[in-house]
1. Six or more apart or on different chains, Cβ atoms under 8 Å: show the pairs whose first residue is in the range 520-546 and at positive phi and at pLDDT 95 or above and whose second is of a type outside the set (S, T, N, Q) and assigned to a helix (DSSP H, G or I).
2. Condition (residue is modelled with pLDDT of 95 or more, open to solvent by less than 10 Å² (accessible area, probe 1.4 Å), touching a Leu at 6+ places or on another chain (Cβ under 8 Å) and under 21 Å from Ala389 (Cβ atoms)) applied to the range 639-659: is it met by at least one residue?
3. How many residues does the range 265-297 contain that are closer than 30 Å to Lys190 by Cα and either touching a helix residue (DSSP H, G or I) at 6+ places or on another chain (Cβ under 6 Å) or open to solvent by less than 30 Å² (accessible area, probe 1.4 Å) (or both)?
4. For Lys68, indicate whether it is in contact with a Gly (Cβ under 9 Å, 6 or more places away or on another chain), surrounded by fewer than 21 Cβ atoms within 10 Å (Cβ to Cβ) and charged (D, E, K, R).
5. In the range 486-501, how many residues are surrounded by fewer than 20 Cβ atoms within 10 Å (Cβ to Cβ) and not in a strand (DSSP E or B)?
6. What is the one condition in (1) touching a helix residue (DSSP H, G or I) at 6+ places or on another chain (Cβ under 8 Å); (2) under 30 Å from Gly94 (Cβ atoms) that Cys532 does not satisfy?
7. Can Leu53 be described as open to solvent by less than 10 Å² (accessible area, probe 1.4 Å) and more than 30 Å from Thr273 (Cβ to Cβ)?
8. Of the residues that sit in the range 310-340 and are basic (Lys, Arg) and in contact (Cβ under 8 Å) with a residue 40 or more places away in the chain, which one is most open to solvent (accessible area, probe 1.4 Å)?
Amino acid sequence: MRKTSPSEKTLCLWYKNPAAEWNEALPIGNGRLGAMIYGQVEEENLALNEDSLWYGGPRDRNNPDARKYLPEIRRLIFAGEIKKAERLATLTLGGTPESQRHYLPLGNLYLSFLTEGLFCGQLEAAENYCRVLDLNQGLVQVTFQAGETAFVREYFASAVHQALILRLTASKPGQISFLARFRRGRYLEKTIAAADTLRMLGHSGGQDGVEFCVAVRAVADGGTITPLGENLLVEQADAVTLIITAATTFRFPDAEAACLAQLEGAARFPYQTLKAEHIKDYQALFHRVSLSIAGRPEPEEASGAGDLSKLPTDERLKRLQAGYDDPGLMALYFQFGRYLLISSSRPGALPANLQGIWNDQMLPRWDSKYTININTEMNYWPAEVCNLAECHLPLFDLIERMREPGRRTAQVMYGCRGFVAHHNTDIWADTAPQDLNPRATYWPLGAAWLCLHLWEHYAFSADLEFLEKAYPTMKEAAEFFLDFLIEDDQGRLVTCPSVSPENKYLLPNGEQGSLCAGPAMDNQILITLFTCCIKAADLLGRDREFVQSLKEVLAKIPRPQIGRYGQLQEWLEDYAEADPGHRHLSHLFALYPGNLITPRETPELAKAARVTLERRLAHGGGHTGWSRAWIINLWARLEEGEKAGENLRELLCRSTLPNLLDTHPPFQIDGNFGGTAGIAEMLLQRHAGELYLLPAVPKNWVSGRITGLRARGGFTLDIEWEKQAFKSACLRSAGGGWCRVRIKQLAPEARSIVVFNQGRPVTQVSATDSVVEFMAAAQAEYWIETRSKFVKKWF
């Protein structure tokens, strides 16, 4: 088995030691199954997950008293009696019971390694240890020397065969001996060892919970395999392949039968076939995008620089924290984010939750479910732009499943048409409010925001067939607000009750409040949703009356307002903030991921957005990983490369674990995905009607190349820059159409921007314009370059 050499580690996370805890382990996954690999020499630990193993079953949690007391709660809010409104809301608007379901670990597979057999001692002390996550191939490799024997262990999660695979080899025959056993803290029914297979069965717990089965089969080259109680003993094998499968009754009527059928299916193939098919499948997604970034050269003796990929990843992270530059680590972080999305969100799987698919706690923080007031949406920010559109599909499946429970919540709790969801959902697509927290619970925009992802998928692909399927869902989300919005004393149509997610304001009397009418984020999301529905209906040629209703309501929804400090107001009233450094940046939705605020089209609002960001950061904002990731994207939209770069650095220095996973703390995966999206946003934007190349590249990214980024309108681009200036771009147009390209960082010597198609100039403009326009043909490729003089006009 081939080892990864230090010179090949550009696309690798690697370490000189095993993981001492879960937060140092390396993740593998195929969307449905996941494992954290510790790489321990004497007793290996694989912390296992299956995406549909959640506590309990579906419930109707809609509060039957909500509709009755809704008018009184609204009256109290408009009267400024916020504490009374919040007290009544806590009693009548919360879900019953208050909590949704939580995600569970599948268990652990332990491998206790022995020198020769059951009655022999453990392996000798390891030397030349190396633990690698190879992003290029989507696998983990552990290598070490024990005595005179070299050992190699290889781990990957196959989406093709729906199995986790582990291969154990040694440089000498008969050196692989170990005892395998499953362990799980709770809800375990039994473990069965028979022949070469070990399986564990259990129940998720809770009423109507799911049953599960996880199994491992040992396929040995030489040696013996013996079942011993709840263990599987492998002795003196030359090499061993372990195949792990799992299933629950969420997808299958008989979890054990499904698990064993998957095991039998994968076991029919030799290891090299399993590996080759995994790599082919994985690279079909991963290889769509490449990124390289080079920084300023630093004296090796002063910085420990040189080829930084030869340094272990945790050492590179410490070096960054010490103040040194490492643009290559930023590129690695970007590709790690894409790896995580491929590994945690594949077609047919559930969407990536707060921890992707990786969780080792029976009661994880925030239940490791779907927090849909920012976190789940952030998980999917990189999906389209980073050329992983298929990975977006599990989210769309969840949105579709939310429609029926969301209709019931809309009718029972609010007396409205359409469908609605609040700030959380779970495996069962629960749409009733979660918790009894006035700062978060009573926010009814969850489904509305999620449905914007449907439009984004269309915007990037221009796929009318997809829009045909997605439009009814978008329409139904908008329809709820045609009924729910209420007129305030100024004739504006506002949400009420609602909150600016998880934040509080100060009333003039010094009291703190959260419940309100028409917070800025709500208005921004609704303006965006209604506008997208109008565009979709026009493209599809339908629903004239519905569109007219949307337009009439849209005209009355409040627009962004500028407050006393020159900042964007978070609420309709220019309240003082109880926590000026709050982690949420909800009122900046219009800047990112929305597009209502741009530096050129709405300069005053963009200026106010900048003030808002600066005030948040001055008061300690961005202290969680996902919040810092959002800030990167916001600065990128403001075209502030240095600010975006500084906050990307802060994300890695302050909110990143040794294995490069994001920490809130604790671990949450949203910051990884938000950071990945932020890097893409620094390199390419198309939200304001034009392609913008290199809009926010920091000065220390001296040279670089990105290939395969996607942009709205059906474009795919490769972009190269050198000496802090644009060099060239290749643009591929799927559907054709008018194309406007803006380039920020042009070289001083550039006199013209030229567009070529098949080697012939299409158009050229003066470099002082920094904008070039042309008609792109469908399925055509164009090159954009700068020249030190104008090209002769033979076009």
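The values are calculated or read from the model by the stated rules, or taken from the named source; none is laboratory data. A quick note: this is a predicted structure, and the numbers were derived from the prediction, not measured. Quick reminder, even Gly has a Cβ in these numbers, built from the backbone with ideal geometry, and neighbours come from all protein chains shown. Keep in mind that these areas ignore ligands, DNA and RNA; they rest on the heavy atoms of the full protein, side chains included. Shrake-Rupley method; radii C 1.70, N 1.55, O 1.52, S 1.80 Å.
1. Between residues of the range 520-546 that are at positive phi and at pLDDT 95 or above and residues that are of a type outside the set (S, T, N, Q) and assigned to a helix (DSSP H, G or I), the close pairs are Asp543/Lys475; Asp543/Ala537.
2. no
3. First, the residues of the range 265-297 that are closer than 30 Å to Lys190 by Cα: 265-271, 274.
Subsequent filtering for residues that are either touching a helix residue (DSSP H, G or I) at 6+ places or on another chain (Cβ under 6 Å) or open to solvent by less than 30 Å² (accessible area, probe 1.4 Å) (or both) retains 265-266, 271, 274.
Final tally of qualifying residues: 4.
4. On the way: in contact with a Gly (Cβ under 9 Å, 6 or more places away or on another chain): no; surrounded by fewer than 21 Cβ atoms within 10 Å (Cβ to Cβ): yes; charged (D, E, K, R): yes.
Here the answer is no, as Lys68 does not meet what is asked.
5. Applying the first criterion (surrounded by fewer than 20 Cβ atoms within 10 Å (Cβ to Cβ)) to the range 486-501 yields 486-492.
Within this subset, residues satisfying the condition of being not in a strand (DSSP E or B) are 488-492.
Here the count works out to 5.
6. With (1) touching a helix residue (DSSP H, G or I) at 6+ places or on another chain (Cβ under 8 Å); (2) under 30 Å from Gly94 (Cβ atoms) applied to Cys532, the lone miss is (2).
7. Details: open to solvent by less than 10 Å² (accessible area, probe 1.4 Å): yes; more than 30 Å from Thr273 (Cβ to Cβ): no.
No, not satisfied.
8. To start, the set of residues in the range 310-340 that are basic (Lys, Arg) comprises 310, 316, 318-319, 338.
If we keep only those that are in contact (Cβ under 8 Å) with a residue 40 or more places away in the chain as well, we get 310, 338.
Numbers: Lys310: 113, Arg338: 2 Å².
If we take residues in the range 310-340 being basic (Lys, Arg) and in contact (Cβ under 8 Å) with a residue 40 or more places away in the chain, then Lys310 is most open to solvent (accessible area, probe 1.4 Å).
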